[in-house]
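Shown next, in structure tokens, is the structure this report addresses.
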Amino acid sequence: MQKPKICLVLVGKLPLPAARGGAVETLAEHLLRENEARGALELTVLSVREERAVRQASAYPNTRFVWFGEYPLWNKFWWRVYALAKKLGKQELPFPYQRVRAAAWLKRHGGEFDYILAESELELIRDAKLPPEKVLYHMHWVGAPTRWRDACFGRLLAVSHFVARHWQAETGRSDAGVSVLPNCVDTAVFGACLPEEERAAVRQSLGFPEDCFVLLFCGRLVQAKGVRELLAALEKLPERVCLVLAGSTNYGLPVTEPYEREVRAMAERFGPRVAFTGFVQPEGMPRYYAVADAVVMPSQVEEGAPLVALEGMAAGRPVIATRSGGIPEYLNGDCGILVDREGDLPGALAAAVLRLQSDPALCRTMGEAGRAHAQQYGTAQYYQNFLDILKTL
């Protein structure tokens, strides 16, 4: 039986393999890794070029990579064209410029594939003039559902029922044109235990006392992620509660936005209770989960299905999260605590932390439940779920 020929399109700021992190890129790499082991698909990947990613691609000999440069000068020019077209003609053009080049490549080569798995935005797909029935749109967030976007693809692959329902409500797409493909986590990597002496050494390197209760925030330091509200919650908590902020504004790029500067200024009054790691390479993240007592996700927007919840559960840590978007579909009350965004969010976060800090047995029970719950979201199951969707097309 001939293998389905799939072209995975992920052409933006971050490369695949996920050398610079990124949730979408991490999920896509899980597909690549599982396909190397099982070989059910003939995969081609379109990605922005980044030298570390190009080196890492050698680990995927059965995957074909097509690279598109970052084009810094062209991107400056293209941004102005894009902004002007949007303002004057309400036109949606692919941006950044590497997507323009990718669209031209797909226009020439799209007929070689059975399906195009679109991880990038749909402007690229529309400009490639691909038959909609060949396009699978993998939707990781609530998106910008419009009739013209909906007409660009045949099947929506949503990361949660919340994302699927939102798209359908805005566009009228039928149930037959939607599949839910839940996110996944490498349970072996995030579930690995750190020796106690190493765990203590990492805490010491962060400047934390040995007996503190460590909270972990993972993600971009942007307003949507609720970092400011988390710091406001820390003010209401005992001195021995410490916080690790693992992430940066722009995935390790040397750019600091006003919000991140504001967050850093807020954190100064806590002294050594708050530690900033800056951007952490994907392979370095499990050790931060291992040193934490709890993971906090104070999202301010309707999240599609953030990976942090799965990673925290796989690591055996209770997760405190806002009741946002698709989060409740992944995180149940046995594995963590959901709080409402409305009202006094810092107070609600602080109360949840105090509940866990004051009850070590509850912490352990939730952590163990999370570790067990995460097993159904493993990478092998993710790959199989994708194959099962292909069989329905």
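Could you tell me what percent of the DSSP beta bridges with both partners in the chain are antiparallel, to the nearest 5? For the chain, the DSSP antiparallel bridge percentage is about 0.
Among residues other than R49 with Cβ under 15 Å from its Cβ, the summed charge is +3 (Lys and Arg +1, Asp and Glu -1). Using a cut-off of 27 Å between Cα atoms, the listed pairs K129/K391; K13/K391; K13/K107; K76/K129 include K13/K391 as exceeding that distance. Spin-label model, V202/R80: points 7 Å from Cα along the beta carbon direction are separated by 4.7 nm.
Seen from a random direction on average, the alpha-carbon convex hull of the chain projects onto 19.7 square nanometres. Once the Kirkwood radius over Cα pairs is known for region 152-274, the Stokes-Einstein relation at 20 °C and 1.002 mPa s delivers a diffusion coefficient of 119 µm²/s. log10 I(q)/I(0), Debye, Cα-only region 309-360, no solvent, q = 0.14, 0.20, 0.30, 0.31 Å⁻¹? After summing over all Cα pairs, the log10 values are -0.34, -0.69, -1.23, -1.26.
Fewest neighbouring Cβ atoms within 10 Å first, the residues V222, V9 line up as V222, V9. For the chain, modelled as a GNM whose springs connect Cα atoms under 10 angstrom apart, the maximal fluctuation among D344, D186, D127 occurs at D344. Here, P(r) means the percent of Cα pairs in each 10 Å bin from 0 to the largest distance; for region 187-376 it is 10, 40, 41, 10, 0.
Between A164, A361, A232, the GNM of the chain built on Cα springs shorter than 10 angstrom shows A361 fluctuating the most. Extension gain, R323 to A265, is 18.1 nm, computed as 0.36 nm per intervening residue step minus the present C-alpha separation.
Here, each number is a calculation from the coordinates, and none is a lab measurement. Predicted model, so just to flag it, every value in this text is computed and none were measured. Glycine also receives a Cβ, built like all others from the backbone with ideal geometry; neighbour counts cover every protein chain displayed.
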